[in-house]
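In what follows, a structure is listed as structure tokens, so that the remarks can point back to it.
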There are 2 protein chains.
Amino acid sequence: MSETKLPRPTDGELAILRVLWARGDSTVREVHEALTRDEPEGTGYTTVLKLMQIMTEKGLVERDESQRAHVYRPRATEQRTQRQLVTDLVDRAFGGSPARLAMQALSSKKTRPEELAELRRLLDTLEGGEE
Amino acid sequence: MSETKLPRPTDGELAILRVLWARGDSTVREVHEALTRDEPEGTGYTTVLKLMQIMTEKGLVERDESQRAHVYRPRATEQRTQRQLVTDLVDRAFGGSPARLAMQALSSKKTRPEELAELRRLLDTLEGGEE
DNA sequence: AGATGTCAACGAAGCCCTTCGTAGATGCGG
DNA sequence: CCGCATCTACGAAGGGCTTCGTTGACATCT
């Protein structure tokens with residue numbers, strides 16, 4: 001397996017990853033601006049830089065240094081990271097039962113009917129195709 | 001409101017809370033034994049004690065000091081804590097969409113048919129009585 | 001070339017979490 | 001009463017996360 005398991009991102013790291021997933025590969029400046037746009041009085045430039053350097057050491061992102069302003073790229077897709085976070089939470093707080101987590105998620109906030117329908121289709125697939 | 005918002009429990013704290021939810025109110029020794037039963041070479045007694053003292057300061061648990069061995073009691077139910085963790089995760093990693101989290105949970109691990117059925121019933125309720 | 005602005009790198013500080021050694025209080029059996 | 005076990009309390013150490021000031025490299029404009 002070429003995919004070594006990546007560490008669970010911290011809150012701050014996750015915020016940066018979300019920017020990268022949304023914008024695509026970005027420089028530190030771009031990430032910083034995106035973050036301070038959502039949350040003025042947020043974090044300083046060098047803070048974001050440091051975080052992204054550490055994320056590079058951890059393998060959460062890669063960077064292209066061919067330009068003066070290095071370009072960062074997530075090493076895991078959003079989906080893959082979401083999956084990891086979910087399984088983590090299922091194990092830590094839901095006794096290993098994904099369904100219980102799913103039910104908790106749906107009960108806690110109200111969800112658009114469209115998404116409920118989509119979820120129902122997924123349920124059909126899961127119940128139908130047994131293997 | 002009498003319910004001040006409790007802080008998000010750390011991994012270690014969550015492990016302790018799970019013991020309290022499962023066993024009911026317990027002393028440090030009881031929690032420690034439960035933990036080392038699952039995970040020998042786990043944490044030492046004083047470590048658990050310290051954690052639980054800090055959890056008391058944070059308000060995650062209360063303690064009854066009338067006995068020499070203090071008895072600890074979770075201040076939030078398992079459900080309430082699960083709900084908090086789920087909404088946290090939904091906001092931090094799923095763009096606020098509980099349904100997407102639910103789908104990720106179901107796709108990642110295989111779930112017992114019985115639980116799928118239960119989930120489907122919940123879906124019926126949500127779609128039926130909504131709007 | 002010199003001034004100005006942008007960038008990565010580094011290191012230190014502060015805070016939190018976890019771990020544990022040690023000390024002091026309390027109960028119990030002889 | 002003495003010694004032993006059990007318990008809480010305290011403090012310190014180590015590591016991780018976050019924050020930021022500073023420095024030096026590099027580019028650009030005049």
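Yes/no per residue for (1) at pLDDT 95 or above; (2) more than 7 Å from chain A (Cβ to nearest Cβ); (3) open to solvent by less than 60 Å² (accessible area, probe 1.4 Å); (4) within 16 Å of DNA strand D (Cβ to nearest atom):
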| residue | (1), (2), (3), (4) |
| --- | --- |
| B:M55 | yes, yes, yes, yes |
| B:L60 | yes, yes, yes, yes |
| B:D64 | yes, yes, no, yes |
| B:R83 | yes, no, no, no |
| B:T87 | yes, no, yes, no |
| B:R92 | yes, no, yes, yes |
| B:P98 | yes, no, yes, no |
| B:L101 | yes, no, yes, no |
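Set side by side, the residues B:L51, B:L123 differ, and just one is farther than 20 Å from A:L85 by Cβ and more than 8 Å from chain A (Cβ to nearest Cβ), which is B:L51. The single condition among (1) open to solvent by 10 Å² or more (accessible area, probe 1.4 Å); (2) away from DNA strand C (no atom under 14 Å from the Cβ); (3) over 12 Å from the mean Cα position of the chain (by Cα) that A:P74 does not satisfy is (3). With respect to being open to solvent by less than 80 Å² (accessible area, probe 1.4 Å), away from DNA strand C (no atom under 11 Å from the Cβ) and at positive phi, A:G42 falls outside the description. For the stretch B:1-46: of the residues being out of contact with any helix residue (DSSP H, G or I) (no Cβ under 9 Å at 6 or more places or on another chain) and under 13 Å from B:V61 (Cβ atoms), which is farthest from DNA strand D (Cβ to nearest atom)? Filtering first and then ranking leaves B:G24. In the stretch A:95-102 there is no residue that is in contact (Cβ under 8 Å) with a residue 40 or more places away in the chain, closer than 30 Å to B:R120 by Cα and assigned by TED's automatic domain parsing to the domain that holds A:L119.
Given the criterion farther than 30 Å from A:E118 by Cβ and more than 10 Å from DNA strand C (Cβ to nearest atom), identify the matching residue among B:L101, B:L17, B:L89, B:L51. Result of the check over B:L101, B:L17, B:L89, B:L51: B:L17.
Whether a residue is away from DNA strand C (no atom under 13 Å from the Cβ), open to solvent by 80 Å² or more (accessible area, probe 1.4 Å) and in contact with a strand residue (DSSP E or B) (Cβ under 7 Å, 6 or more places away or on another chain) was assessed, and A:R37 does not pass this test.
Of the residues contained in the stretch B:119-130, one or more are found to be open to solvent by less than 10 Å² (accessible area, probe 1.4 Å), under 22 Å from the mean Cα position of the chain (by Cα) and at pLDDT below 95.
The values are calculated or read from the model by the stated rules, or taken from the named source; none is laboratory data. Since we're looking at a predicted model, the values are computed, not measured. Positions of Cβ are generated from backbone atoms using ideal geometry, with glycine treated the same way; all protein chains shown enter the neighbour counts. The area values use the complete protein model at the heavy-atom level, side chains included, leaving out ligands, DNA and RNA. Shrake-Rupley method; radii C 1.70, N 1.55, O 1.52, S 1.80 Å.
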